[in-house]
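S.K.: Let me begin by handing over the structure; questions about it come next.
The values are calculated or read from the model by the stated rules, or taken from the named source; none is laboratory data. No experiment lies behind these values; they were computed from the predicted model shown. As a convention, Cβ positions derive from the backbone with ideal geometry for all residues, glycine included, and neighbour counts pool all protein chains shown.
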Amino acid sequence: MRRVLISTVSVAVVFAAACQPAENTASVPAAVFDAATTEQLSTNPLLAEWTGANGGQPAFDKMDLALVKPALEAGMAAHLAEIDAIANNPAKPSFANTIEAMERAGDPLDRAMTYYGIWGSNLSTPEFRAIQSEMAKKLSEYQSRITQNTALFARIKALHDTEARLKLNPHQSRLLKLVYDRFQLNGAELDAEKKARYAAINQELAELHTKFSNNLLADEEGWVTFLTPKQIGGLPASFIASAKAEAEGRGKPGMYAITNTRSSIDPFLTYSTERGLRETVWSNYYSRGDNGDEHDNNAVIAKILQLRHERVGLLGYKTYADWQLQDNMATSPAEATALMEAVWRAAVARVGEEVADMQAVAAGEGARITIEPWDYRFYAEKVRKAKYDLDSDELKQYLQLDKLREAMFFVAGELFGFAFAPVDDGSIPVFHADVRVWEVTDKASGKHVGYWYLDPYARPGKRSGAWASSYRSHSTFDGPETVLSSNNSNFVKPGPGEPLLISYDDADTFFHEFGHALHSLSSTVEYPGLNGGVRDYTEFHSQLLERWLLTPQVVDTYFRHYKTGEPMPKALIDKINKAATFNQGFGTVEFLGSAIMDMRYHSIDPAGIDPRAFERQELAKLDMPKEIPMRHRSTQFGHIFSSEGYAAGYYGYLWADVLTSDAAEAFAEAPGGFYDKAVGKKLVDNLFAVRNAVDPRQAYRAFRGRDATIDALMRDRGFPVPAAGEGSK
Ligand SMILES: [Zn+2]
């Protein structure tokens, strides 16, 4: 989806729009703007057309917080005026004067939202958060005014009901269906009183979602554990160096800072020999948003759930999950739950084995302990060494970020025919000196495809984790628009002249996010609205790309020792492959703990819910292994509470992984393996380039000749494959 940040309802209804040559809009009366809007449209740099080669790029060098509010307000007013002109057009509804006109509208706001998204995710400050809190409500109100525009929906419905007569091509037909469904699912058919309540709920939700993420960010920034030189036992040298720099940056020279983010706690918990400190760091991290202070998210969650439940009730749905799964690949909450349960049993059984292995290692070392959650990563690493003789730190010495980036470009070249060339520094504006930009072209024709931005390093005000976003998506219906795609990570910036060595998991994530970027870049759709994601399908493309990380072509050339430049020894590669199913119990259970809780939260009537108690009680019912917390505990589960992006949809990662494993086997079985030209072409044509222009189930069948089954996923994780007929989808 192009505009995730504006999405206060489940599906963004703000359509990306192309530049609008006046002659193409002749069938729609001109929109009328008030004086203030007109003034902003012509003077505010955040609303201005992008300049530069190939359709221009955002003017990140002109970002100024003082411009945000007026830009958003004028952008919304302008878009609403355009929508009114479309809705009140005296001419009979046509695909061109309604759906295409909607696709074309809202361009200035789209541009302003690009900057707004950057501030929100990459450059957040208390000043910006204050603006965000204020604007969340206004953006929601604006969105409701579009989805609840009776005259507009009447036109969409008229087209939908007479579609057979319209002679649409398949993509146009798909777009009409998607637009119609979105409006209907967002209350377009409600009576006036219910519409008002619906919009009021969305406004309140928008504010609560913002509050949730700001509380979480405050707990990530506010809790730092400082270590003395005596407390760094076991930690790898590279981690010590960055923790030292981090402490210096926070005014504590000579100490070492463990920040309250996943990229900092993960290595600490894996290597630190200080068990007491591991407990402290673990507890700080897993109690984010749950400390009973002003940043506590429990009451926020309860209110969010109640409002969501009430809102879908207005539309006649029994639960939020029933409503949310209307347009997903899984057809019902029951179908999604069945998949999770089929995997859950095998994963929990595996955790029992993993803990037994760890307990044995601890006993062998004379440690008289019972494995606690803050011991899991530490002893798992020891088991990894003992059982597979695989040392994560040794592995890391062959994983340099720059080389991995080159590896991704190589894969993109082989599979998608893309070439990446760095643009000259300063020729394309960036929002931070660390961001770099590459031009993407088609290798065979030299044709411009788009630009790719990389923002690799952590900084205060940047949200944790890694993600991909697009500043502009592909379309052709109104003249060609090329893609501006971005990948963002939180690697700790190395000292000057030092190589950035990353863990194997981080290398995997780096490929993952690049998969999202390639999905954007490969789009060939005609309409911007067909670039949107389907929640339980959208992680498939990124997860699949991870499979190229361990291909011999990548390993042999790009996994190089950072000092000697030697290729990774064959023995080490064999060990990685042998250890592929290692710790799958942990990974699967921590994920499913969150995914199942998400579905339970959204499958009940949440009146009077106490999230802390509900979490405890439901995890107990599940027999959640006591050594593993949810990957995202409720009060920190931004996927489902900082927006509706993954609400009742976190299972989608697993759903997509079923497709991933199954599709990967298609490559593994092909004569050319992962670089087989025929399978590669089928993949790009059927599953990447079409974005959401083809129903995902149909698209998958066109690629594979059948539906995916759960079997390949179970094999990949080293779990028993269910008997025929069980768990297929
Ligand atoms: Zn992803």
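S.K.: Given the range 95-186, what helices (runs of 4 or more DSSP H) lie entirely inside it while holding 3 or more residues that are surrounded by 19 or more Cβ atoms within 10 Å (Cβ to Cβ)? Show your work before the answer.
M.R.: On the way: elements: 101-104, 107-122, 126-147, 150-161, 163-166, 170-185.
Answer list for the range 95-186: 101-104, 107-122, 126-147, 150-161, 170-185.
S.K.: Determine whether GLY515 is within 16 Å of the ligand (Cβ to nearest atom), touching a helix residue (DSSP H, G or I) at 6+ places or on another chain (Cβ under 6 Å) and not hydrophobic (A, V, I, L, M, F, W, C).
M.R.: Considered against the rule, which asks whether it is within 16 Å of the ligand (Cβ to nearest atom), touching a helix residue (DSSP H, G or I) at 6+ places or on another chain (Cβ under 6 Å) and not hydrophobic (A, V, I, L, M, F, W, C), GLY515 comes out as yes.
S.K.: Residues being part of a helix (DSSP H, G or I), out of contact with any strand residue (DSSP E or B) (no Cβ under 8 Å at 6 or more places or on another chain) and within 15 Å of the ligand (Cβ to nearest atom): count how many of those fall in the range 518-534.
M.R.: Looking only at that region, the number is 1.
S.K.: Scanning for something modelled with pLDDT of 95 or more, under 30 Å from GLU248 (Cβ atoms), outside any loop (DSSP other than H, G, I, E, B) and within 15 Å of the ligand (Cβ to nearest atom), does the range 535-545 turn up at least one residue?
M.R.: Among the residues of the range 535-545, not one is modelled with pLDDT of 95 or more, under 30 Å from GLU248 (Cβ atoms), outside any loop (DSSP other than H, G, I, E, B) and within 15 Å of the ligand (Cβ to nearest atom), which makes the answer no.
S.K.: Select the helices (runs of 4 or more DSSP H) contained entirely in the range 231-329, then report the ones holding at least 1 residues which are touching a helix residue (DSSP H, G or I) at 6+ places or on another chain (Cβ under 7 Å) and modelled with pLDDT of 95 or more.
M.R.: Helices (runs of 4 or more DSSP H) meeting the threshold: 262-271, 275-286, 298-314, 320-324.
S.K.: Sort through VAL690, VAL684 and tell me the only one that's modelled with pLDDT of 95 or more, buried (at least 20 other Cβ atoms within 10 Å of the Cβ) and farther than 30 Å from GLU294 by Cα. Give the derivation first.
M.R.: On the way: VAL684 fails: buried (at least 20 other Cβ atoms within 10 Å of the Cβ).
Checking each option against the conditions leaves just VAL690.
S.K.: Additional query: Give the number of residues within the range 306-363 that are closer than 19 Å to MET599 by Cβ and of a type in the set (A, V, I, L, M).
M.R.: So the answer is 16.
S.K.: I would also like to ask the following. Please state which one of ALA334, ALA338, ALA347 is in contact (Cβ under 8 Å) with a residue 24 or more places away in the chain, in a helix (DSSP H, G or I) and farther than 22 Å from PRO629 by Cβ.
M.R.: That would be ALA338, the only listed residue that is in contact (Cβ under 8 Å) with a residue 24 or more places away in the chain, in a helix (DSSP H, G or I) and farther than 22 Å from PRO629 by Cβ.
S.K.: Okay, next question. If you check TYR504, TYR471, which single one turns out to be away from the ligand (no atom under 12 Å from the Cβ) and buried (at least 23 other Cβ atoms within 10 Å of the Cβ)?
M.R.: Answer to the check: TYR471.
S.K.: Also: Return the residues of the range 689-719 that are basic (Lys, Arg), over 19 Å from HIS541 (Cβ atoms) and in contact (Cβ under 8 Å) with a residue 24 or more places away in the chain; say none if nothing qualifies.
M.R.: Across the range 689-719, the qualifying residues are ARG715, ARG717.
S.K.: Can I ask one more? Among the candidates LEU619, LEU592, which residue alone is away from the ligand (no atom under 16 Å from the Cβ), aliphatic (A, V, I, L, M), under 26 Å from ALA349 (Cα atoms) and in contact with a Phe, Trp or Tyr (Cβ under 9 Å, 6 or more places away or on another chain)? Write out each step before concluding.
M.R.: Working: LEU619 fails: in contact with a Phe, Trp or Tyr (Cβ under 9 Å, 6 or more places away or on another chain).
The conditions single out LEU592.
S.K.: So, one more: Scan the range 475-491 residue by residue and report those that are under 21 Å from HIS512 (Cβ atoms) and touching a Lys or Arg at 6+ places or on another chain (Cβ under 9 Å).
M.R.: VAL483, LEU484, SER485, ASN488, ASN490
S.K.: While we're on this one: Just wondering, is there one or more residues in the range 489-512 that are of a type in the set (Phe, Trp, Tyr) and at pLDDT 95 or above? Spell out the reasoning first.
M.R.: Within the range 489-512, the first condition is being of a type in the set (Phe, Trp, Tyr), and the residues that meet it are 491, 504, 510-511.
Narrowing the set further to residues that are at pLDDT 95 or above leaves 510-511.
Yes, because at least one residue in the range 489-512 is of a type in the set (Phe, Trp, Tyr) and at pLDDT 95 or above.
S.K.: Kindly indicate whether any position in the range 339-348 is of a type in the set (Asp, Glu), over 30 Å from THR482 (Cα atoms) and over 26 Å from the mean Cα position of the chain (by Cα).
M.R.: To start, the set of residues in the range 339-348 that are of a type in the set (Asp, Glu) comprises 341.
Filter once more, keeping what is over 30 Å from THR482 (Cα atoms): 341.
Filter once more, keeping what is over 26 Å from the mean Cα position of the chain (by Cα): none.
Checked against the condition, which is being of a type in the set (Asp, Glu), over 30 Å from THR482 (Cα atoms) and over 26 Å from the mean Cα position of the chain (by Cα), the range 339-348 yields no hits at all.
S.K.: Now, a different point. Any chance you could count how many residues in the range 370-396 are assigned to a loop (DSSP other than H, G, I, E, B) and at pLDDT 95 or above?
M.R.: Step one: of the range 370-396, the residues assigned to a loop (DSSP other than H, G, I, E, B) are 370-372, 389-391.
Next, from what is left, pick out any that are at pLDDT 95 or above: 370-372.
Here the count works out to 3.
S.K.: Please enumerate the residues belonging to the range 616-657 that are out of contact with any Asp or Glu (no Cβ under 9 Å at 6 or more places or on another chain), in a helix (DSSP H, G or I), surrounded by fewer than 24 Cβ atoms within 10 Å (Cβ to Cβ) and not polar (S, T, N, Q).
M.R.: Hits for the range 616-657 are ARG616, GLU618, LEU619, ALA620, LYS621, LEU622, GLY638.
Residue-by-condition table, conditions (1) closer than 16 Å to PHE591 by Cβ; (2) within 16 Å of the ligand (Cβ to nearest atom); (3) in contact with a Leu (Cβ under 7 Å, 6 or more places away or on another chain); (4) at pLDDT below 95:
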residue	(1), (2), (3), (4)
ASP610	no, no, no, no
GLU644	no, no, no, yes
TYR650	yes, yes, no, no
ALA666	no, no, no, no
GLY673	no, no, no, no
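S.K.: Only one of (1) within 16 Å of the ligand (Cβ to nearest atom); (2) surrounded by fewer than 17 Cβ atoms within 10 Å (Cβ to Cβ) is not met by PRO552, so which one is it?
M.R.: Only one criterion is unmet by PRO552, namely (1).
S.K.: Kindly check whether there is at least one residue in the range 663-677 that is part of a helix (DSSP H, G or I) and at positive phi. Walk me through it before giving the result.
M.R.: So the first thing to find is which residues in the range 663-677 are part of a helix (DSSP H, G or I), and the list is 663-669, 673-675, 677.
This time we only want the ones that are at positive phi, so: 673.
Within the range 663-677 (the criterion being part of a helix (DSSP H, G or I) and at positive phi), the answer is yes, since at least one residue qualifies.
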